[in-house]
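Down below is the structure, laid out as structure tokens.
What follows is calculated from the coordinates using simple rules that are stated; it is not laboratory data. All of these numbers come straight from a predicted model, not from anything done at the bench.
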Amino acid sequence: MKPYLTLKEKGAVLMIKKFCLLLLLFSTMLVSCSNQKEEISEHQTPSGPSIALKIAVLGTNQIPAIDNVNYVNIKLQDLVEDENQHFDGLIISKEYLEEVAKKEYKDFFKNIKYPVFFLGTENILAAVFHEENLTLEHINLDGRGPYASGFVSTEDGYNEWGLHLPNNPTHNDKNINMIVRICNIIQQYKEGINRKQYFCVYFP
């Protein structure tokens, strides 16, 4: 028996570990998506949050106005460096996904204490933003993922959310309807309604 592994063997072991991690993450996503549905009709704009919310926004100035929601446009570096800032949630637009997936931001997202949502995640798992061994290059869901994905760090792991679009989505489905759905989840989390649940929001 050899006392050490060759470089080729070490590479094979590393690849097996990465494959197992990806398989575990994908399995978790599939299981979580079976636990809950959001009761909402296709193309219908749901009622918005009933309490005041302060939500940080990264990457877009065209987010639709919603009653009871105060948006704060912020730079990622400022958000990471100033720990005294408090928000009820964070929304990150698609054009910033590559930036926020960088290794230097993993610790921030790994420990984030309020829900963060990423728009345009059809091709990726949101776990790439907090798992050290994952990058955007590791996972491609070929458009099968949710339009918006979110998570928050808890004592028991991560609460995760996946919001899919209805069939033949309209502009409103991708815009105001999606943002209202995200804000409603943020309100539920703030009120403690879904702090110990994993669920995937989709349309039949």
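Only Cα sites of the stretch 75-120 enter the Debye sum here, all with the same form factor; the resulting log10 I(q)/I(0) across q = 0.15, 0.29, 0.33 1/Å is -0.36, -1.41, -1.56, listed in q order.
Under 16 Å of direct C-alpha separation, and excluding same-chain neighbours fewer than eight residues apart, LYS103 reaches these aspartates and glutamates: GLU81, GLU131, GLU132, GLU137. Within the stretch 125-197, the proportion of C-alpha pairs whose separation exceeds 16 Å stands at 58%. The antiparallel fraction among DSSP beta bridges confined to the stretch 42-191 stands at about 50%. Across the stretch 55-174, Cα-Cα pairs more than 25 Å apart make up 20 percent of the total.
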